[in-house]
Amino acid sequence: MSGATVDDVAPGLLVVTGPPGSGKSTVSEALADLWEPSVLVEGDAFFRFLRRGMIPPWLPESHTQNDTTVRAAAAAAGGFAAGGMAVVYDGVIGPWFLPAFARLSGVEALDYVVLLPPVETCLKRVETRTGHGFTDLDAARHMHEDFVRATLPGAVDPAGSLSSEGPAGSAPSLRPAGPPGVVLRDLPDDVAGVAEAIVAAMASGRTRYIVED
């Protein structure tokens, strides 16, 4: 794996994120299969727990619902990590929301990777995939724009806040700082190649995010 192997990295909590259609779910599955014992925490699954009155999480009025749901997902991911398992979290956790998510998980450090293919690639995947509840191309484009803005040099607010928009909402106004973790834009065409690139980035330490008190 580009000189790095799974033995070179021992993730406690690895967050794989990006806009809809970025390929994060497929890649997260492949990554979770690299370690044992491992856990794949699917952020979308927590929204499926909502029984009645669910608001589509990409709508602005879903902020409180999203905030509550991601709190639960973060706690679950951190709980598995505390038990000594390699945890891969697959969900929309923008850089603007990462500090809050990390604190809620209870871990001292995590690995953070943003998959950010061109918007045309993401929209095509959203438009053509089946068996997925999210098909809103306008919302997908908007979230891609949020990730692009939030991963530019000098874009991210390192303080983070649960008062910011939820993971599926718009990014808030951001103060200058560097984007956390690693942003992968020029992705290999195959899932194994993307997983390989992520393992290499983890081995180099570039994905590491230290949770601040």
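The values are calculated or read from the model by the stated rules, or taken from the named source; none is laboratory data. If you're wondering where the values come from, they're calculated on a predicted model, not measured in any experiment. Here the Cβ is made from the backbone with ideal geometry for all residues, glycine too, and neighbour counts use every protein chain on show. Side chains are part of the model used for accessible areas, which takes the heavy atoms of the whole protein and leaves out ligands, DNA and RNA. Shrake-Rupley method; radii C 1.70, N 1.55, O 1.52, S 1.80 Å.
Tell me whether segment 74-86 contains one or more residues that are assigned to a strand (DSSP E or B), in contact (Cβ under 8 Å) with a residue 24 or more places away in the chain, open to solvent by less than 50 Å² (accessible area, probe 1.4 Å) and not hydrophobic (A, V, I, L, M, F, W, C). Looking for residues that are assigned to a strand (DSSP E or B), in contact (Cβ under 8 Å) with a residue 24 or more places away in the chain, open to solvent by less than 50 Å² (accessible area, probe 1.4 Å) and not hydrophobic (A, V, I, L, M, F, W, C), one finds none in segment 74-86, hence no. Only residues that are surrounded by fewer than 20 Cβ atoms within 10 Å (Cβ to Cβ), charged (D, E, K, R) and closer than 19 Å to D146 by Cβ were counted across segment 87-123, and they come to 1.
Does segment 42-53 include one or more residues that are closer than 22 Å to A139 by Cα, of a type in the set (K, R) and modelled with pLDDT under 95? Yes - at least one qualifying residue is present in segment 42-53. Which is modelled with pLDDT of 90 or more, under 14 Å from the mean Cα position of the chain (by Cα) and open to solvent by 20 Å² or more (accessible area, probe 1.4 Å), of G205, G181? It is G181.
Going by the conditions given, is S25 touching a residue at least 60 places away in the same chain (Cβ under 8 Å), within 15 Å of the chain's Cα centre (by Cα) and in a helix (DSSP H, G or I)? Judged against the criteria, S25 is a match.
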